[in-house]
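J.: Sending over a structure as C-alpha cells; questions will come in a sec.
The values are calculated or read from the model by the stated rules, or taken from the named source; none is laboratory data. Everything quoted here is computed from the prediction, not taken from an experiment. Neighbour counts are summed over all protein chains in view; Cβ atoms, including those assigned to glycine, are modelled from backbone coordinates with ideal geometry.
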Amino acid sequence: MVDHPDDAAALPESVEAIVRLIPLVGRVALVSGRPVADLRSRIEVDGLLYSGLYGLEHAIGAGEIGVDPKAAAWIPEVAMVTEAAIEWAASADAELDGIVIEGKGLSVTLHYRMTADHALAHEVVADWARGEAARTGMRVIFGKLNVELVPPIDSDKGSAADELIAGMDSCLYIGDDCGDLPAFDAIRRWGRDSLVLAVQSSELPADVGEKADAIIGGPQGVARLLGQVAESLD
C-alpha cells in the first residue's frame, strides 16, 4: 500500500517470477483497474497479457493497446468528469485535504487514503461520485480507500477473467480488492481446477478474504509463491 497511486511499483522478485512463468504456462495476465500504458510503465514483460481499466483495454507485451469501442465513445465525458473532480477536490473543506484525483482516460478515480478521516472522506466522496453517476450515466466502483467512475459498459474483472480462462484447464488468480470479486465469481462459475487467493494487507476487504480459497502474506508472499510455481514447472 502506498499513499499516492503514482508511487506503486512491482516487486523485482515478482517481475522475475513472471518472466520465468510466461514460457511455462498457457497465459500469464495482469488484470487491473489501471490503464494498460500505466501498467506497462511499471512492469513491461514480453508475452505478458495486460487487461486494463477493468477489461476496457488490452494488450500483449509491448504490442498495440486495444480499446473497447463502446468505451472510447465515453472519453470526452470522462475528461469533463475528471476536470469536475479536480475542481471539486480543490474546493473541498479542509478536513478533506489529501484527496487525489487520478484521471485514467476511460475512468477517473478519487483516492482519499491521505485524508485525516477516512470514514468522513468516504461518505463525502461517495456522495459526489453518485451525483456525477446520476448526472452522466457513468458507473461507480468502490475500492480500497477510493471511489471510481467508469463508463456504463458491461465490463469488469469478471468479464476479463472469462476471456482469459477460456480454453484453459486450470487457473490461479490472485487479488486484493473489491474489484477482484467479479473475477473470483467468474472463476467459480467456470468450475475447473482453480485456486483463488487474496493478498493480506491492513486494507484487505473482509468479503475478499472470505471468498478466497486462502489468504497469502502480502506482496512478498505473492512473489515467493510465483517463484515456487515457476521453480516447480521449470
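J.: For region 129-148, how many residues meet the condition of being over 21 Å from Met1 (Cα atoms) and not in a helix (DSSP H, G or I)?
T.: Qualifying residue count, region 129-148: 4.
J.: Also: Output the qualifying pairs, or none if there are none: Cβ atoms under 6 angstrom, residues six or more apart or on different chains, first residue in region 74-102 and more than 15 Å from Met138 (Cβ to Cβ), second residue in a loop (DSSP other than H, G, I, E, B) and among the β-branched types (Val, Ile, Thr).
T.: Ala89/Ile99; Leu96/Thr115; Gly98/Thr115
J.: Six or more apart or on different chains, Cβ atoms under 7 Å: show the pairs whose first residue is in region 136-151 and closer than 16 Å to Pro205 by Cα and whose second is among the basic types (Lys, Arg) and not in a strand (DSSP E or B).
T.: Leu145/Arg113
J.: Oh, and also: Does region 96-108 contain any residue that is among the basic types (Lys, Arg) and under 30 Å from Glu13 (Cβ atoms)?
T.: Looking for residues that are among the basic types (Lys, Arg) and under 30 Å from Glu13 (Cβ atoms), one finds at least one in region 96-108, hence yes.
J.: Would you mention how many residues in region 41-60 are within 12 Å of the chain's Cα centre (by Cα) and exposed (fewer than 15 other Cβ atoms within 10 Å of the Cβ)?
T.: 0
J.: For region 164-189, enumerate the residues that are among the hydroxyl-bearing types (Ser, Thr, Tyr) and surrounded by fewer than 21 Cβ atoms within 10 Å (Cβ to Cβ).
T.: Residue satisfying the conditions is Ser170 alone.
J.: Which of the residues spanning region 35-64 are closer than 18 Å to Gly103 by Cα and touching a Pro at 6+ places or on another chain (Cβ under 8 Å)?
T.: Gly52, Leu53, Leu56, Glu57
J.: Determine the pairs where a residue that is under 17 Å from Leu145 (Cβ atoms) and in the same structural domain as Ala223 (by TED's automatic domain parsing), located within region 157-183, has a partner that is assigned to a loop (DSSP other than H, G, I, E, B) and among the aliphatic types (A, V, I, L, M) with Cβ atoms under 7 Å apart, the partner being 6 or more residues away or on another chain.
T.: From region 157-183, the pairs are Asp176/Leu204.
J.: In region 84-118, how many residues are surrounded by fewer than 18 Cβ atoms within 10 Å (Cβ to Cβ) and within 15 Å of the chain's Cα centre (by Cα)?
T.: The number of residues fulfilling the criteria is 1.
J.: Would you check which residues across region 1-34 are among the aliphatic types (A, V, I, L, M), without any contact (Cβ under 8 Å) to a residue 40 or more places away in the chain and either in contact with a His (Cβ under 9 Å, 6 or more places away or on another chain) or surrounded by 15 or more Cβ atoms within 10 Å (Cβ to Cβ) (or both) and list them?
T.: Within region 1-34, Ala10, Val15, Val19, Ile22, Val28, Leu30 meet the criteria.
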